[in-house]
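Following: one structure in structure tokens, then a few remarks.
Just so it is clear, none of the values below were taken in a lab; they were calculated from the coordinates. Predicted, not measured: the structure shown is a model, and the values here were computed from it.
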């Protein structure tokens, strides 16, 4: 749950500078740990990322 919360903070720019790449990275981490909300968030963010951003975020898996 904490990983999802960090993703949401980056996604919304609350308590952290808004960053889709950071939000995606945290959401993917949370999704890999079984958080279904995070999987949905990562899926929503992914199409907005520049090509190759998954590697920058440290992920390459499908959502």
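Against the 2.2 N^0.38 Å scaling, with N counting residues, where does the chain land? I'd like the Cα-based Rg ratio to two decimal places. The partial results should precede the final answer.
On the way: Rg = 10.2 Å, N = 63, 2.2 N^0.38 = 10.6 Å.
Dividing the Cα Rg of the chain by 2.2 N^0.38 Å gives 0.96.
Among 15, 34, 43, whose mean-square fluctuation peaks in a Gaussian network model of the chain (Cα, cutoff 10 Å)?
Among 15, 34, 43, the largest GNM mean-square fluctuation belongs to 15.
Under a GNM of the chain (C-alpha, springs under 10 Å), which listed residue has the highest mean-square fluctuation: 32, 18, 48?
48
Just need the relative contact order of the chain here, percent rounded to a whole number, with Cα pairs under 8 Å and 6+ apart.
Relative contact order of the chain: 30 percent.
In deg cm²/dmol and to the nearest 500, what is the mean residue ellipticity at 222 nm of the chain if only DSSP H runs of at least 4 residues count, each as -39500 (n - 2.57), divided by the residue total?
My calculation for the chain gives -17500 deg cm²/dmol from helical runs alone.
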